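Structure record follows, encoded as structure tokens.
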Amino acid sequence: MYGIGIVKGLGVTLWHFIETYIDDLRWLGRRYYNDDALAVRQGPEGRGVFTVQYPEEKLPIPEEFRFLPFLVYEQDEDGTAHDRCTSCGICAKVCPPQCIWIVRSDDPDTGRPIPEPAEFYIDIDICMNCGLCAEFCPFDAIKMDHDFELSSDDRFEGHVYNKAKLSRPVDYYASIRPTNYTREEINRAEKQFKKSRRGR
Ligand code: SF4
Ligand code: SF4
């Protein structure tokens, strides 16, 4: 009979609609804005409407998610910051839309280059979030951030991020990308160990 598929489809929609209220009762007062409820609702146990109530409610971000790059710095016990970046310029060379601009540091007495950037700029309106800069950096000095809530009404200077705005401590990197951080630290320790053995 014509139209039977449409009736069945409407029945499925109606059942999902009803299930939403059943789920509301099951999670009374906890269905939204709650990590446990969100995990159930987005998993195979989910029933009813699946809409995420953004921005109050947010889906968890996978570790490999990438938005803008940031610069990693190490900190001494006394809080002194040390850039990992050596201003080698590789990231700027590989960046497809050429949105990285680095100002190298020079020794004021000798005029010789110092391996750290005096300034580092990224035009965030041009960055296409490809992650190539982070892939190619030989010093693990530039990494991709998870923060995507950066909208503003500025179209000019405010969207050219400078070194201060781009820099984050290594602990921050470890907190958003624990798997990558741990792998890199193991590699670093192994390299250090081999180097120390060669030096004997
Ligand atoms: S972020 Fe990495 S690749 Fe880019 S200039 Fe610094 S050290 Fe070189
Ligand atoms: S993520 Fe891609 S586009 Fe953005 S600065 Fe890095 S290399 Fe350039």
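The values are calculated or read from the model by the stated rules, or taken from the named source; none is laboratory data. Just so it is clear, the model here is predicted, and its values are computed rather than measured. All Cβ positions, glycine included, derive from the backbone under ideal geometry; neighbour counts span all protein chains shown.
Is there a residue in segment 100-121 that is in contact with a helix residue (DSSP H, G or I) (Cβ under 6 Å, 6 or more places away or on another chain) and more than 23 Å from Asp76 (Cβ to Cβ)?
Within segment 100-121, one or more residues are in contact with a helix residue (DSSP H, G or I) (Cβ under 6 Å, 6 or more places away or on another chain) and more than 23 Å from Asp76 (Cβ to Cβ).
Scanning for something more than 27 Å from Ala118 (Cβ to Cβ) and of a type in the set (S, T, N, Q), does segment 143-155 turn up at least one residue?
Looking for residues that are more than 27 Å from Ala118 (Cβ to Cβ) and of a type in the set (S, T, N, Q), one finds at least one in segment 143-155, hence yes.
Do you know which residues across segment 75-92 are among the polar types (S, T, N, Q) and either within 13 Å of ligand 1 (Cβ to nearest atom) or not in a strand (DSSP E or B) (or both)?
If the condition is that a residue be among the polar types (S, T, N, Q) and either within 13 Å of ligand 1 (Cβ to nearest atom) or not in a strand (DSSP E or B) (or both), then Thr80, Thr86, Ser87 are the ones that fit.
Which ones in segment 126-142 are surrounded by 13 or more Cβ atoms within 10 Å (Cβ to Cβ), at negative phi and either more than 10 Å from ligand 2 (Cβ to nearest atom) or modelled with pLDDT under 95 (or both)?
Phe139, Ala141
Can you list residue pairs whose Cβ atoms sit under 8 Å apart, with the first residue in segment 107-135 being touching a residue at least 12 places away in the same chain (Cβ under 8 Å) and assigned to a strand (DSSP E or B) and the second being among the β-branched types (Val, Ile, Thr) and within 8 Å of ligand 2 (Cβ to nearest atom)? Count only pairs 6 or more apart in sequence or on different chains.
Filtered contacts from segment 107-135: Phe120/Ile100; Tyr121/Ile100; Ile122/Ile100.
Taking segment 39-65, which residues are surrounded by 16 or more Cβ atoms within 10 Å (Cβ to Cβ) and under 21 Å from the mean Cα position of the chain (by Cα)?
The answer is Glu57, and nothing else.
In segment 174-182, is there at least one residue being touching a residue at least 12 places away in the same chain (Cβ under 8 Å) and either more than 27 Å from Pro62 (Cβ to Cβ) or of a type in the set (S, T, N, Q) (or both)?
Yes, segment 174-182 has at least one match.
Just to be sure, is Arg41 touching an Asp or Glu at 6+ places or on another chain (Cβ under 7 Å) and free of Cβ contacts under 8 Å to residues at least 40 places away in the same chain?
No; evaluated as a whole, the condition is false for this residue.
Could you look through segment 142-181, keep only residues that are of a type in the set (A, V, I, L, M, F, W, C), within 16 Å of ligand 1 (Cβ to nearest atom) and assigned to a helix (DSSP H, G or I), and pick out the one that is nearest to Ile90 (Cα to Cα)?
Here the answer is Leu166.
Quickly run through segment 105-141 and pick out the residues that are within 13 Å of ligand 1 (Cβ to nearest atom) and under 25 Å from Phe156 (Cβ atoms).
Within segment 105-141, Pro117, Ala118, Glu119, Phe120, Tyr121, Ile122, Cys133 meet the criteria.
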